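Asks: Let me begin by handing over the structure; questions about it come next.
What follows draws every value from the coordinates through simple rules; no lab data is involved. Predicted model only: the values in this text are computed from it and were never measured. Heads up, the Cβs are rebuilt from the backbone with ideal geometry, glycines too, and the neighbour counts pull from every protein chain shown.
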Amino acid sequence: MSKEPVAVVGIGQTKHVAARRDVSIAGLVRDAARRALDDAELTWADIDAVVIGKAPDFFEGVMMPELYLADALGAVGKPMLRVHTAGSVGGSTALVAANLVAARVHSTVLTLAFEKQSESNAMWGLSLPIPFQQPLLAGAGGFFAPHVRAYMRRTGAPDTVGSLVAYKDRRNALKNPYAHLHEHDITLEKVQASPMLWDPIRYSETCPSSDGACAMVLTDRAGAARAPRPPAWMLGGAMRSEPTLFAGKDFVSPRAGKDCAADVYRQAGIADPRRDIDAVEMYVPFSWYEPMWLENLGFAEEGEGWKLTESGVTELDGDLPVNMSGGVLSANPIGASGMIRFAEAALQVRGQAGEHQVEGARRVLGHAYGGGSQFFSMWLVGSELPDS
Amino acid sequence: MRDIALVAFAQTDHRRSSDELSEVEMLMPVLHDVLAQTGLQTSDIGFTCSGSSDYLAGRAFSFTLALDGVGAWPPISESHVEMDGAWALYEAWTKLLTGEADTALVYAYGKSSPGSVRDVLTRQLDPYYVAPLWPDSVALAALQAQALIDAGDTDEPALASVAARSRAEATANSHAQLRGSVPHGDYLVRPLRTGDCPPIGDGAAAVILAAGERARELCARPAWIRGIDHRIEAHGLGVRDLTDSPSARLAAEKAGAFERPVDTAELHAPFSSQEVVLRKALRLGDDVRVNPSGGALAANPIMAAGLIRIGEAAAAVHRGESDRALAHATSGPCLQQNLVAVLEGDPL
């Protein structure tokens, strides 16, 4: 059974900032959607369906906001789906939209993800107590810090690796006009001197709270042929989930992440990800997750991820650049963060990434995860139409 | 296009309150039920998709706990819509169409009992201009009902008969919350009386989808999805004609509902007045049996009630009571968003 090839022909983001007080939620999402349509040189009338995602409704205090956003996204009279898979949602949303094209249900789909964190308080949105269940311990950092510590103990990684990632990503962000944090005076010493929040995670090794949206226009082969700029072709995409807490769970390198990557590589015919993939946009909300995910995604042997980071392989001019855009560490509109990874991967293979473009990037991985490291969504995009 | 069918359906007994159960505990028997009907195990399922709402659960990421109940180990291919489970079924249907999976488990659940659902649903409205006024779901439905009466489309006795018929039909449905003779009651928000409104309750539902020959192996008479589509309308009530449902009509047209007559319709019409709107938009004549399950007026577990309509329609096909059924789900104030599926059984 043949699937329709899926192409990314339009990408739009907002400038991510701490608080977009100049726009409503509707205004924010429309900004991103408008830019994606402009990039594709399409109008609202060209869109067959809208697929929207964001992280919990509690982050803005609006229940099922897609209902209210139908008008702003030109969805009236069209199908509109709302995806929610925790922090991986931006990636999952893009994959649900891609499936509509792949299944030949629709030709051209607008997909969008957003978060307007300034409308509420994400820390409290994640900290609602519930009997007999482990709370997220005052935000996500408290949940993830012990797993970082476990990684360090397991691999013997020196405690300097996390700050290298943060320093790199914040410098990359200076080349990305949409990134939230533009720290022009960043130094490695400043990262290392920043306050300890959740040992071993320092303040400068954490993501900011951002308002922002990201949109993409996905289309079929015919739509791609009409596109004004080079399309990014989806070579593989997958989602995997596993339970939150159970005795056999490996929080350092969850099996769901490994299985998800393996499925994507199988679809794309990737035998050796380290050799066959040119760059990665990876969901790294706390700096140590770069070496952790390098192993989980098969770019390094177990216990070796930190060595890639330490040796500069993941720098913008390295052999395997990671988070060329500055990543989640430099802009985190939570619900949109996964889609931004997917979109930045597509920008790279389209050759449209501007100052943070990796020369000759042909195959780039976009990665997202969520919940207690239990939800994963990934896609691999390429500059060439897939064979099948 | 690949043939895809519903092969199993299960639901809870819907109740006003289920204090003693967590959402996962409420859901588990339903998951076991659909798997047992087909003989499948979690590891046999190609794709899993669910629908639920954090706002009903009162906590962020509430669906993650339900996933633990599914038993997602080894890891599964899985997704979630923050919508009624009918839309989760739609996502699963597209996944099966791509050929990446041959079977799918779809489930949905909602507990309305812990809070005031009328207040909770106001949080769906435009957060800047409307939600601060707290117009509740019954008041908005009453606006729609009054518009219908003013247009001459219905009157209060006709609405009462819709409610009475629904609950009479529900006497045969052991899962329903309101059954038999229910008083039409006092006005809740004029012109709607308590009898015109759905019961508030907790419940869950699950279905299994399968493609092609796999469906025939798993079910004696699969309910084939001949078409499924959904459409949304503007959010602002002031720019909509509340006496009509163009989105339901368009979804039905795209789902192929008008190509041949249906014999049964399961409509997600939580208010008696909304059945009037939907019957017209979906061109359902008096010869079509509407809501033989009792519909949402007999049980309306929010987030699952739409999926239950599809499940009930499929079950009617499974039992040989329907050859071609229409199933409908709705979301948002005054039927803002509507989904229509057409299900058919093979000739008996």
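Asks: What number of residues within the range A:203-229 satisfy the criterion of being assigned to a strand (DSSP E or B) and farther than 17 Å from A:Gly53 by Cβ? Let's see the steps before the verdict.
Replies: First, pick out the residues of the range A:203-229 that are assigned to a strand (DSSP E or B): A:206, A:211-219.
Within this subset, residues satisfying the condition of being farther than 17 Å from A:Gly53 by Cβ are A:206, A:219.
Going through the range A:203-229 one residue at a time, the tally reaches 2.
Asks: Identify all residues within the range B:116-152 that are within 13 Å of chain A (Cβ to nearest Cβ), over 13 Å from B:His235 (Cβ atoms) and aliphatic (A, V, I, L, M); write none if there are none.
Replies: B:Val117, B:Val120, B:Leu121
Asks: Let me ask something additional. Can you find, within the range A:81-110, the residue that is farthest from the other protein chains (Cβ to nearest Cβ) among those that are surrounded by fewer than 24 Cβ atoms within 10 Å (Cβ to Cβ) and aliphatic (A, V, I, L, M)?
Replies: A:Val105
Asks: Next question. Between a first residue in the range A:237-251 that is facing chain B (nearest Cβ under 7 Å) and buried (at least 17 other Cβ atoms within 10 Å of the Cβ) and a second residue that is in a loop (DSSP other than H, G, I, E, B) and of a type in the set (Phe, Trp, Tyr), which pairs have beta carbons less than 7 Å apart while being 6 or more apart in sequence or on different chains?
Replies: Pairs found: A:Glu242/B:Trp73; A:Pro243/B:Trp73.
Asks: A follow-up question, please. Where in the range B:1-110 are the strands (runs of 3 or more DSSP E), entirely inside, with at least 3 residues that are of a type in the set (Gly, Ala, Ser)? First the steps, then the outcome.
Replies: Numbers: elements: B:4-11, B:47-51, B:78-81.
Here the list reads B:4-11.
Asks: Sticking with this one: I'm trying to understand the selection: among the residues of the range B:71-111, which are more than 8 Å from chain A (Cβ to nearest Cβ) and among the polar types (S, T, N, Q)?
Replies: Answer for the range B:71-111, where residues must be more than 8 Å from chain A (Cβ to nearest Cβ) and among the polar types (S, T, N, Q): just B:Thr103.
Asks: So if I check each of B:Ile200, B:Ile225, which one is in contact (Cβ under 8 Å) with a residue 12 or more places away in the chain, within 14 Å of another protein chain (Cβ to nearest Cβ) and of a type in the set (Val, Ile, Thr)? Give the steps one after another, and end with the answer.
Replies: Details: B:Ile200 fails: within 14 Å of another protein chain (Cβ to nearest Cβ).
The unique qualifying residue is B:Ile225.
Asks: Any residue that is crowded, with 16+ Cβ neighbours inside 10 Å and farther than 22 Å from B:His318 by Cα - is there at least one of those in the range B:32-42?
Replies: Within the range B:32-42 (the criterion being crowded, with 16+ Cβ neighbours inside 10 Å and farther than 22 Å from B:His318 by Cα), the answer is no, since none of the residues qualifies.
Asks: Now for a different question. Applying the selection to the range A:359-385, what residues are in contact with a Pro (Cβ under 7 Å, 6 or more places away or on another chain) and within 14 Å of chain B (Cβ to nearest Cβ)?
Replies: Correct list: A:Ser373, A:Gln374.
Asks: Condition first: more than 30 Å from B:Ala36 (Cα to Cα) and surrounded by fewer than 19 Cβ atoms within 10 Å (Cβ to Cβ). Now tell me which residues in the range B:192-220 satisfy that.
Replies: First pass over the range B:192-220, keeping only residues more than 30 Å from B:Ala36 (Cα to Cα): B:192-198.
The one that is more than 30 Å from B:Ala36 (Cα to Cα) and surrounded by fewer than 19 Cβ atoms within 10 Å (Cβ to Cβ): B:Thr194.
Asks: Keeping to the range A:1-43, report how many residues are of a type outside the set (Gly, Ala, Ser), exposed (fewer than 15 other Cβ atoms within 10 Å of the Cβ) and within 14 Å of chain B (Cβ to nearest Cβ).
Replies: Residues that pass the stated criteria total 3.
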